[in-house]
Amino acid sequence: MSDDKLPAEHAEGHGEVAAADNPFADPGLPAHQVRRTDIDERAAKRAERQVSLLFVVSMLATIGFIASYVSIDPDKIVYIFPLGHVSALNFALGMTLGVALFCIGAGAVHWARTLMSDVEHPAERHAIEADDEVRADVIEQFKTGAGESGFGRRKMIRNTMIGSMALVPLAGVVLLRDLGPLPEKKLDHTGWDEATPAVPIRLINMNTNEGMKPEDIAVGSLTFAKPGPSVLRPEGLQESDDDFQEAIAKDALMLIRIQPEDIKDANSAGLGFQGVLAYSKICTHVGCPISLYEQQTHHALCPCHQSTFDLSDGARVIFGPAGHPLPQLKITTDSLGYLVATGDFSHPVGPSFWERSE
Amino acid sequence: MSSASTSGKQAPPASTRAKPANKAEAAADYLDGRLGIYSLAKANLRKIFPDHWSFMLGEICLYTFIIIILTGVYLTLFFKPSMGEVIYSGSYTPLDGIRVSEAYNSTLNISFEVRGGLLIRQIHHWAAIVFVAAMFVHMMRVFFTGAFRKPREINWVFGFLLLFLGFFDGFLGYSLPDDLLSGTGIRFMEGAILAVPLVGTYISFFLFGGQFPGTDIVPRFFTIHVLLIPGIMLGLLVAHLILVFYHKHTQWAGPGKTEKNVVGMPLMPVYMAKAGGFFFLVFGIIAAMSAIASVNPVWAYGPYRPDQVSTDAQPDWYMGFAEGLIRVMPGWEIRAWGHTLNLGVFIPLMLFPLVLFAIAAYPFIENWITGDKREHHILDRPRNAPVRTGLGAAWISLYLVLLAGGGNDLIATHFHLSLNDITYFVRVGSFVVPVVVFFVTKRWCLGLQRRDKEKVLHGRETGVIKRLPHGEFIEVHAQLPQDKLHTLTAHEQYEPLELPAEVDENGVARKVSLATKTRAAISEGMFGEGSQIPKPTADEHKEITSGHGHH
Ligand code: FES
């Protein structure tokens, strides 16, 4: 934009009294208004006492803080209206510290407002930009310096230097490689992976730590399960296992039982056993565990972002941000009548990732 | 060799400096000889600071940052950033005998065994909440008053980066106790990282040291939370303050205030007392708040288990905007050639920084449109920049709509609304509401401008009703005093950029670049007829006050 398009600078605005012909001119700084404490010595003395009182209260509060620290039992719970039952120590420490700090602040501010001068002064501003002479001088010096370095003339040095500097950060990136192992196919498989029709893995009830028979599961109920003994884990998945958190993050199952005629998806019914269906408990959105089940509608809701899956219809997503159905595990029973899995989930469990194929 | 060096005994050369009057002056002299403090203090001891309540917002940010660092150091003395497992056996009986991580164990320990530990934890968390909130409001103050204009654009960017880093450090801190809620937040982060095409899975494995959740994430987050990000923030903060000092404060228009001066009270003593006192006020209030209201009671949530979740899983409010984006986005996924592109997560993940970066870039965009190369130290009243004010309001409304999306479950249960309806509303609302808010705000600003003009030309309503000889009732208007007149007319008004004529003086068609055309169009939108009320001129004022048509 050319300069003439910019609004004019306020020529009149330099603090001088208005020219008679411009009613909008800057009349300059208004005269200082005196405060009560500026002229009345008694008011000033009162203000002084108030400030000191605040500082004294602060001192008392700090002493109170120390006294609370040494005397109140950390386990003591007291009832304070309207807060309810709170830790006595926490309350006492917080309040005394709060008062101790607040009163210092209040004292200082009150002092500044009542007793320190409140006369406003103008101070000049200086342009941030240097004037032309300095600018020319600096550019000249820089050119001299650059000329002496030969940076512009010796192109080969310049280019190779830029190249080396561009590459050297890669060393830092490469060093990060050992932060973790490569993903490989780990996200595609879960702990149920080891199950085969010949060596199936039992479904173990999360709460009772026992195997489950289909008749243990009532229609409309929701049960959580984890993998039982396998070749690699003869004990089954245990909380004390080193990798328990990692394993349960993928292996957790959600078992429901639906009247077989209510199951809309034939394929899904086939993966189940007499209406018992085993779905991954891990939401396919970003991986929260799903915990809310509505037995009338067979809808399961993820509490994190409310993705809703219809478990009677192959866990199809019927609402919310999840992008695909919950993976289902094929189950059957073993010779003793316990529910078992004979293989891994048909699809990778949990949130989507780039390498996920389907 | 000179005779002086051989003679051995010589009085030291007399100092040219005057004798110090007392011990304090002597100490100052000592330091000056080493650090040059007199020259430093000369310019700064009585440096002028203008006074306005809104200038305190930045101070709150600074003070809460200091409080966070102080309490954070205390917490590191007790916190064990490890995911090694222990059996809990502390004084909180409901969790007795439960297998928990050392991080969670030590957090409970700080809360129940360390005297005052709970208080410091609460102060740390409360201060963080206030810190981010204050940065938001401070940034709004700077935005709506145009304080980001030259020479302060770079400082705007520094401030923006502080906000951005503040978000992340808050999120990381929230994740450290390894409780059920924080674990859920980390799970969310893992899902978001996995949604990144090509490299997402690798980043996730490197970040977690393998599969989610592994045992590395808490110690790694700890280092980033207490060292890396605060270090960068400290550097940015110092740079931010140096620039504030160097640029000097902005001020509102008013009598005696110009672009070339700064009117206010000196650093010593008034500003020192007020600002220093204000630190204690802020600290005191946060301490009292921490005694009264408990945030993040991690013992109530329990330790993190990937197969468990607490139903009220909510992030801290400043992440609510990201949470809203992720909740209302439809679950789009593209599967092709053996790969999955998770747009339902990836798009929100990209939008989050993009919306923020648009704010960071605003000063440069506005400057490009106005083409104004001058320094600005006098603040704009928001009404006098209707388009900017409208944009700011639209941004806030978008934030609030998305926040509502992020809390859709809470809104649904508290107001008995359908969760699905809220989500559909937010989906549409994120596009519609900001536009509506923009136009409403702009019109409102114009209305206020008109009122200012009215006041300047016709004076202020006195409430006194007068009956004229011919029976008409009128209200007496009192002329504004000159300082008011000046204040109300001191703002600048840009003229919209005009495109050069299609053909030049020789009749040859001129090429106008697309950028110039865009710029002219935006400039028309910002400063054209519909976007500002021409401010009254001195002549108009004289015309009216000199009798004709004046009551
Ligand atoms: S993780 Fe389940 S909806 Fe987001």
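The values are calculated or read from the model by the stated rules, or taken from the named source; none is laboratory data. None of the values given here were measured: they were computed from a predicted structure. Positions of Cβ are generated from backbone atoms using ideal geometry, with glycine treated the same way; all protein chains shown enter the neighbour counts. Accessible surface is based on the protein model in full, side chains and every heavy atom, while ligands, DNA and RNA are left aside. Shrake-Rupley method; radii C 1.70, N 1.55, O 1.52, S 1.80 Å.
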note = Within region A:79-96, the residues whose backbone N lies under 16 Å from a label point placed 7 Å from the Cα of A:D73 along the Cα-to-Cβ direction are A:79, A:86-90
ask   = What is the distance in Å between the Cα centres of region A:273-343 and region B:142-194?
value = 35
remark   = Reported to the nearest 10 Å², B:V456 has, with a 1.4 Å probe, an accessible area equal to 0
query = Mind checking Rg over Rh on the protein assembly as shown, alpha carbons, Kirkwood formula for Rh?
reply = 1.04
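Kindly state, to the nearest 0.05, the FRET efficiency for B:A509 paired with B:R374, given R0 = 41 Å and r defined as their beta-carbon distance.
On the way: r = 34 Å, r/R0 = 0.82.
After rounding, the FRET efficiency stands at 0.75.
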query = Ordering B:Y424, B:Y318 from largest to smallest accessible area (1.4 angstrom probe), what's the sequence?
reply = B:Y424, B:Y318
query = At a probe radius of 1.4 Å, what is the per-residue accessible area of B:Y30, in Å² to the nearest 10?
reply = 130
key: Shape call, region B:78-229: gyration tensor on alpha carbons, a/c limit 1.5   = oblate
task = Please give the solvent-accessible surface of A:C103 in Å², to the nearest 10, using a probe radius of 1.4 Å with every protein chain present.
result = 10
remark   = Using eta = 1.567 mPa s and T = 4 °C, Stokes-Einstein with Kirkwood Rh from Cα pairs puts D for chain A, in µm² s⁻¹, at 43
Cα-Cα P(r), region B:289-408, percent of pairs per 5 Å interval = 2, 8, 12, 14, 14, 13, 12, 10, 7, 5, 3, 1
ask   = Within straight cross-link reach of A:K185, meaning Cα distance under 13 Å, which aspartates and glutamates are found once same-chain residues fewer than 8 apart are removed?
value = A:D193, A:E355
ask   = Given a cut-off of 24 Å, what percent of all Cα-Cα pairs of region A:198-353 lie beyond it?
value = 27
ask   = Taking a ≥ b ≥ c as the square roots of the eigenvalues of the Cα gyration tensor of region A:39-191, is the shape rounded (a/c under 1.5), prolate (a/b larger than b/c) or oblate?
value = oblate
note = For chain B, the Debye formula with one identical point scatterer on each Cα and no solvent gives log10 I(q)/I(0) at q = 0.11 Å⁻¹ as -1.17
task = Could you calculate the contour length gain from A:R135 to A:L60, that is, 0.36 nm times the residue separation minus the distance between their Cα atoms, to one decimal place in nm?
result = 21.1 nm
inquiry  = Suppose a student asked you for the relative contact order of region B:204-333, using Cα pairs under 8 Å spaced at least 6 residues apart; what percent would you report?
reply    = 9
Cα→Cβ-extended label distance, 7 Å offset, between A:D313 and B:V428, nm = 2.3
Fully extended contour minus Cα-Cα distance, from B:R460 to B:I37, at 0.36 nm per residue = 147.1 nm
ask   = Quick one: ranking B:V464, B:V130 by accessible area, 1.4 Å probe, largest first, what do you get?
value = B:V464, B:V130
remark   = Between B:V476 and B:E524, the FRET efficiency computed from the C-beta separation at R0 = 35 Å comes out, to the nearest 0.05, as 0.30
query = Label-point separation (nm) for B:V137 and B:A361, each offset 7 Å from Cα along Cα-to-Cβ?
reply = 3.0
query = How many angstrom separate the Cα center of region B:507-544 from the Cα center of region A:29-50?
reply = 50
ask   = Which of rounded, prolate, oblate describes region A:142-192, given a ≥ b ≥ c as roots of the alpha-carbon gyration tensor eigenvalues and a/c under 1.5 marking rounded, otherwise prolate only if a/b is larger than b/c?
value = prolate
message = Give me log10 I(q)/I(0) at q = 0.12 Å⁻¹ for region B:433-551, Debye formula, one equal scatterer per alpha-carbon, no solvent.
response = -0.68
ask   = What do you reckon, how do B:M140, B:M526, B:M272 stack up by accessible area (1.4 Å probe), largest on top?
value = B:M272, B:M140, B:M526
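How high is the FRET efficiency from A:K213 to B:S418, r the C-beta distance, R0 41 Å, rounded to 0.05? Numbers along the way, then the final one.
Numbers: r = 39 Å, r/R0 = 0.96.
E between A:K213 and B:S418, to the nearest 0.05, is 0.55.
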request  = Consider a paramagnetic label point 7 Å from the Cα of B:L161 along Cα→Cβ; state which residues of region B:345-389 have an amide N under 14 Å from it.
outcome  = B:360-361
task = Please check which bits of region A:98-113 a label hung off B:I285 would reach, taking the label as a point 7 Å along Cα-to-C-beta and the cut-off as backbone N under 15 Å.
result = A:98-99, A:101-107, A:109-110
message = Suppose we compare each residue of region B:32-72 in its chain alone and in the full protein complex with a 1.4 Å probe; which ones drop by at least 20 Å² of accessible area?
response = B:I48
inquiry  = With the cut-off at 18 Å, tell me which of the pairs A:K143/B:K150; A:K226/A:K250; B:K47/B:K150 have Cα atoms farther apart than that.
reply    = A:K143/B:K150; B:K47/B:K150
request  = Mind listing the lone cysteines of chain A, meaning no other Cys beta-carbon sits under 4.7 Å from theirs?
outcome  = A:C103
inquiry  = Whole angstrom only: what separates the Cα centroid of region B:322-348 from the Cα centroid of region A:230-250?
reply    = 31
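Over chain B, calculate the relative contact order: mean separation of alpha carbon pairs under 8 Å at least 6 apart, over the residue count, as a percent.
Details: 646 pairs, mean separation 84.6, N = 551.
Relative contact order here is 15 percent.
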request  = Determine the per residue accessible area of region B:484-551 with all protein chains present and a 1.4 angstrom probe, expressed in square angstrom.
outcome  = 63
